[in-house]
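Report on the structure given below.
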Number of protein chains: 2
Amino acid sequence: MPTYTAPVRDMEFIMYDVLKMDEYQDMEGYGDADRSTVAAILEEGAKISQEVIQPINLSGDEEGCHLNNGIVTTPKGFKEAYQAYAEGGWSALTGSVEFGGQGLPYVLGLAMNEMVCSANFSFSMYPGLTHGAIEAIEQYGSTEQKEMYLPKLISGEWTGTMNLTEAHAGTDLGLLRTKAVPQADGTYLVNGSKIFISAGDHDLTDNIIHLVLARLPDAPPGVKGISLFIVPKILVNADGSLGARNPVECSRLEEKLGIHGNSTCVLNFEDAVGYMVGEANKGLVAMFAMMNAARLGVGVQGLSIAQVAYENAAAYAKERLQMRALTGPKAPDKPADPIIVHPDIRRMLLTGRSFCEAARGIAYWAGLLVDMVHKHPDPKQRQKADDLLGLLTPVIKAYFTDMGTEVANLSLQCLGGHGYIKEWGLEQFVRDVRVAQIYEGANGIQALDLVGRKLPANKGRAVQVFFTEVGGFCEENADNEELAPFIAPVMSALEQLFEGGQWMADNGVKNPDHAGAGATNYLYVIALSIMGFMWVKIVKVAQEKLAAGAGNEQFYKDKLTLAKFFFERMMPDLQAHMAKLKSGADTLMAMDTDSF
Amino acid sequence: MPTYTAPVRDMEFIMYDVLKMDEYQDMEGYGDADRSTVAAILEEGAKISQEVIQPINLSGDEEGCHLNNGIVTTPKGFKEAYQAYAEGGWSALTGSVEFGGQGLPYVLGLAMNEMVCSANFSFSMYPGLTHGAIEAIEQYGSTEQKEMYLPKLISGEWTGTMNLTEAHAGTDLGLLRTKAVPQADGTYLVNGSKIFISAGDHDLTDNIIHLVLARLPDAPPGVKGISLFIVPKILVNADGSLGARNPVECSRLEEKLGIHGNSTCVLNFEDAVGYMVGEANKGLVAMFAMMNAARLGVGVQGLSIAQVAYENAAAYAKERLQMRALTGPKAPDKPADPIIVHPDIRRMLLTGRSFCEAARGIAYWAGLLVDMVHKHPDPKQRQKADDLLGLLTPVIKAYFTDMGTEVANLSLQCLGGHGYIKEWGLEQFVRDVRVAQIYEGANGIQALDLVGRKLPANKGRAVQVFFTEVGGFCEENADNEELAPFIAPVMSALEQLFEGGQWMADNGVKNPDHAGAGATNYLYVIALSIMGFMWVKIVKVAQEKLAAGAGNEQFYKDKLTLAKFFFERMMPDLQAHMAKLKSGADTLMAMDTDSF
């Protein structure tokens, strides 16, 4: 049976020592989030994750969800765990105080998401999807809609879903056909079929609030003719009580590689009553409000699984006795040495660990930026945060989830044959995390979003902000001799990043396929640059703490080792990506379609 | 439902145009293997693979194997397919003529294995494991044992297994505890428990011949005290008829990530009758005879799944309509363009295709070397072939299976959400092929075998042979201007390979952990060098054919495109591996065990 121990100490370190969250007291919600309060919340979050949500992970995978006579039920224990989660206030952690939320920093919500997902990926998706629905209604809903739906979504009494995909319309939402016909009473009748709806139906809550993309009868074709609708599973009366069942039926649960504990539904809308959110034909904009938050959340899923997979592989490697160390026996009193004596095992483990620690820094940084965008008093800072967040989001979504799969696979590999067997749990991590590379925009789409939208927007302002941020840090610390060996490769990465961006811009203008061909490589170049930047920030703190003799010396020394590992063994991929990027599109496009 | 079309034309191209198999007529079995005969055999092999074995792949995965009252049954259709396979003579394809085999070239056997495994990984393991048993008995068995077991193993009337692993003894076979006690009649009573026994029990054949590693009562500890035994499931009478049931019981079928159609058994031996193969305490040597062939076979499994995964992803990408090409609509009459217009989709597809075509060349080259080792009239050539084969085997095993997983994942990604759904079949490829990175020696062990054994053996003779082979080819073609752009990166790779080897040797002497730390990276450096070499060989043939106007121009032009793709988009990883290799072991070993 796999185990999970939430890295609470690391979370706190990132939040307060690296990101210095206590310097943002003037932002709403941050006054209540001093270090000791947050530490206590994290400990409680760790507790419910480890003790309530993790124990039903393996069994949930085995049992899966059920569909009987149109009723979807979740695996044994999910309902009780969800109740404990909602009653514990975890749903409401970062929700608006106005609608009953606790209004705590977004970063704290991400940390909680990280723990819940490490504990149980499938389970985490039920509350996870709700966040997107809240986001859309909060930003685009009417006052009435907010009052009717937000309190119960925030409290977790209801959950939410995102209904985008149709069989013939995945990435290309412009092709969607679901219809919404206006009625005399201001409502709409929604007809159509949606697929791949995560948490689309279940028995965890009394009601589910579907957010559905559909077309009005007179809508223009393509993405400019899409509107967003609230379609509750059970209609809500004016007094907030539950009314009639809305005709939204789950006609099939998909059989999938993983996330068996989450219901992936085909949902049929047959004259279902819907309520428009925001303006007609502006649904895509509202949907992107959900998507951006969702993409950050999906990135964190990659981190979550990398973390728990690493933990289980490390535990195995410390216990499993096979062969002797290459340098001679390390445990001569035992029949063999633990396999952690082998550098190749350490290479696999440290890849996971080194990814997780900097990735956590980046994810929480993005979380801080989310709050800055909404809450920072200085409009310049809000703008800067928005630029950076836009840049970081596709990188976090794609790089973190690619690495989630990579680290899960490396961790599985550490267990040898046992990694392939269900009871050890590693194979479930590999299966579960794989979906994160696909949903909320496949990773190739993230790369196109980065290169086609985020990079050129406002004449490249966002990436300029990033260069200034990193360059500024490096300059400030130019005299720091201890930090110099870590700053040098980051500066070099920045040069490459600049060159890569220039190449993409120059050649993409001539032929957009050149930009398309290098998009994924560019995403890796910037991802590794950001990772390097985060490691330098961590190293600086660790060096200061060590110099100050601030206790727990090993903890800070390990950060230096992990940083070295990153620069020695992960950063070199940047060079390869640059070479690939610069090879352009010609060879890719040379092959005739018929030859494939 | 996934499909499979065997790449028969490519197989023939590799065998006769690239490897020039018709120049080996003086080797036994090659006289009967002229191009048209082999083409006809491949077509028949493709037919049974595509029409009989592939259609039960998805259903076999879903149903899995069953264990009831000690009886193991395979999924629906497996027994009939196996009968068709054995009766079609496919088991006997490369077996010794002396024992009823057809004595055809080993390469042809590999090609058949490739097709059967592309069609159905789980199914392919039943006959696959038999080859190892044949190998061991043929090389180390007594005349009596050969006569008793080989004809029925070769004909496929019986299957064979390899029983190595125990719960506490995987990589470290020296720890194994299964006992074999000599009896007055010259037989042994075997007691113990083996785990992870592929095809360990089933209903496909009347008998199963287990090859089992065990210890004699007076055996020295460690690997020097291991002997090899034949333990038939059903005892065989002197006249060849079946006798009593031997007490070898399958007590559990493992629940695994994939290969559900193959029975992975815990086998308990309780006073089972065994017959020693070869000398006492020399069992490991005999087992390695099986292992080397098996490792080559496992490498081919990586190729097989990459091929079929690529095919299905390419088919999807040509059909799936989403979005428009970056350079403007390519199918303006349709609601969207097929996604194959996108360079990033092509990047994923071509990685698979470009891997498969050169990997096939390398695998079949290794197959040719297997025959040369045994059958070449010139002892120098036999020696050279043996050296090269020893070097290629761990590279093929590890690199091909890593790439099998990589390509399966990239192919799944091309299907987006559909890739994650069972009915499309891609997710099964990802699950099935993953085991190939683990069994027959985890890939990290392959890297250690390469660096610790194959590289230093005979003062580095094997890698010298490789350098001479490649260097010679490049020199011979130094005046070939058309080939020059392909030769240059191979020469550069060789320089890196030389430098990497030197680094490993110099630093490994000082500290073996440096060699251990760089082993996997070195394996990738040599793998990419070999891939590059194979691509140059293919390009040369393609250029000659194009110059000669030898028909099917597109076929040869595609080879040039695929080669370019390899050098532009796969070869650059070599540089990153070199940087990682040279970072050594210090950082890896710096972390305290407790800090993991």
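Here are the numbers for the structure shown:
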item: Residue within segment A:535-545 that is under 28 Å from the mean Cα position of the chain (by Cα), outside any helix (DSSP H, G or I) and at negative phi present; result: no
item: Segment B:337-354 - residue that is without any contact (Cβ under 8 Å) to a residue 24 or more places away in the chain and more than 7 Å from chain A (Cβ to nearest Cβ) and, of those, surrounded by the most Cβ atoms within 10 Å (Cβ to Cβ); result: B:Val341
item: Failed item, numbered, when A:Pro377 is tested on (1) more than 14 Å from chain B (Cβ to nearest Cβ); (2) in a helix (DSSP H, G or I); result: (2)
item: Counted residues, segment A:156-210 - those being modelled with pLDDT of 95 or more, under 21 Å from the mean Cα position of the chain (by Cα), among the small types (Gly, Ala, Ser) and closer than 23 Å to B:Gly419 by Cα; result: 3
item: Which numbered condition B:Asn511 fails, given (1) under 30 Å from B:Lys564 (Cβ atoms); (2) surrounded by fewer than 23 Cβ atoms within 10 Å (Cβ to Cβ); (3) within 11 Å of chain A (Cβ to nearest Cβ); result: (1)
item: Residue in segment B:516-531 that is touching a residue at least 60 places away in the same chain (Cβ under 8 Å), within 19 Å of B:Ile445 (Cβ to Cβ), more than 8 Å from chain A (Cβ to nearest Cβ) and of a type in the set (Phe, Trp, Tyr) present; result: yes
item: Strands (runs of 3 or more DSSP E) within segment A:206-319 that include 2 or more residues closer than 30 Å to B:His168 by Cα; result: none
item: Test: residue in segment A:88-96 that is of a type in the set (Val, Ile, Thr) and assigned to a helix (DSSP H, G or I); result: no
item: The lone exception for A:Val223 - which of (1) within 14 Å of another protein chain (Cβ to nearest Cβ); (2) out of contact with any Lys or Arg (no Cβ under 8 Å at 6 or more places or on another chain); (3) surrounded by fewer than 18 Cβ atoms within 10 Å (Cβ to Cβ); (4) without any contact (Cβ under 8 Å) to a residue 40 or more places away in the chain it fails; result: (4)
item: Unmet criterion (only one of (1) touching a Leu at 6+ places or on another chain (Cβ under 7 Å); (2) at pLDDT 95 or above; (3) surrounded by fewer than 23 Cβ atoms within 10 Å (Cβ to Cβ); (4) not hydroxyl-bearing (Ser, Thr, Tyr)) for B:Glu357; result: (3)
item: Set B:Ala133, B:Ala111, B:Ala180, B:Ala167: member being of a type outside the set (D, E, K, R) and surrounded by fewer than 24 Cβ atoms within 10 Å (Cβ to Cβ); result: B:Ala167
item: Residue count for segment A:498-508, restricted to those that are small (Gly, Ala, Ser), away from chain B (no Cβ under 13 Å) and out of contact with any Phe, Trp or Tyr (no Cβ under 6 Å at 6 or more places or on another chain); result: 2
item: Residue among B:Lys545, B:Lys540 that is of a type in the set (D, E, K, R) and out of contact with any helix residue (DSSP H, G or I) (no Cβ under 7 Å at 6 or more places or on another chain); result: B:Lys540
item: Exclusive hit being under 24 Å from A:Met27 (Cβ atoms) and in a helix (DSSP H, G or I), set A:Leu104, A:Leu129, A:Leu150; result: A:Leu150
item: Within segment B:259-276, tally of residues that are among the β-branched types (Val, Ile, Thr) and either crowded, with 24+ Cβ neighbours inside 10 Å or free of Cβ contacts under 8 Å to residues at least 24 places away in the same chain (or both); result: 2
item: Selection from segment A:375-394 of residues that are free of Cβ contacts under 8 Å to residues at least 40 places away in the same chain and over 19 Å from A:Gly299 (Cα atoms); result: A:Asp378, A:Pro379, A:Lys380, A:Gln381, A:Arg382, A:Gln383
item: Residue match in segment B:481-495 (condition: in contact (Cβ under 8 Å) with a residue 24 or more places away in the chain, farther than 30 Å from A:Pro343 by Cα and surrounded by 24 or more Cβ atoms within 10 Å (Cβ to Cβ)); result: yes
item: Condition met for A:Ala358 (in contact with a Gly (Cβ under 7 Å, 6 or more places away or on another chain), in a helix (DSSP H, G or I), more than 10 Å from chain B (Cβ to nearest Cβ) and not basic (Lys, Arg)); result: no
item: Residue in segment A:525-534 that is more than 18 Å from A:Gly361 (Cβ to Cβ) and modelled with pLDDT of 95 or more present; result: yes
item: Residue match in segment B:552-562 (condition: among the aliphatic types (A, V, I, L, M) and closer than 28 Å to A:Phe596 by Cα); result: yes
item: Scan of segment B:540-593 for residues that are without any contact (Cβ under 8 Å) to a residue 60 or more places away in the chain, more than 8 Å from chain A (Cβ to nearest Cβ) and of a type in the set (D, E, K, R), ordered by number; result: B:Glu544, B:Glu553, B:Lys557, B:Asp586
item: Any helices (runs of 4 or more DSSP H) falling wholly within segment B:422-497 and containing at least 2 residues that are touching a Phe, Trp or Tyr at 6+ places or on another chain (Cβ under 9 Å) and within 14 Å of another protein chain (Cβ to nearest Cβ); result: B:426-434, B:443-448
item: Residues being part of a helix (DSSP H, G or I) and surrounded by fewer than 19 Cβ atoms within 10 Å (Cβ to Cβ) - total across segment A:73-85; result: 4
item: Among the residues listed as A:Ile53, A:Ile14, the single one being in contact (Cβ under 8 Å) with a residue 24 or more places away in the chain and either of a type in the set (Ser, Thr, Tyr) or under 20 Å from A:Ala366 (Cβ atoms) (or both); result: A:Ile14
item: Cross-chain or 6+ apart pairs with Cβ under 7 Å, segment A:305-330 first and at the interface with chain B (Cβ under 7 Å from one of its Cβ atoms), then assigned to a helix (DSSP H, G or I) and among the polar types (S, T, N, Q); result: A:Lys318/B:Thr593
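The values are calculated or read from the model by the stated rules, or taken from the named source; none is laboratory data. Quantities reported herein were computed from a predicted structural model and do not represent experimental measurements. Glycine also receives a Cβ, built like all others from the backbone with ideal geometry; neighbour counts cover every protein chain displayed.
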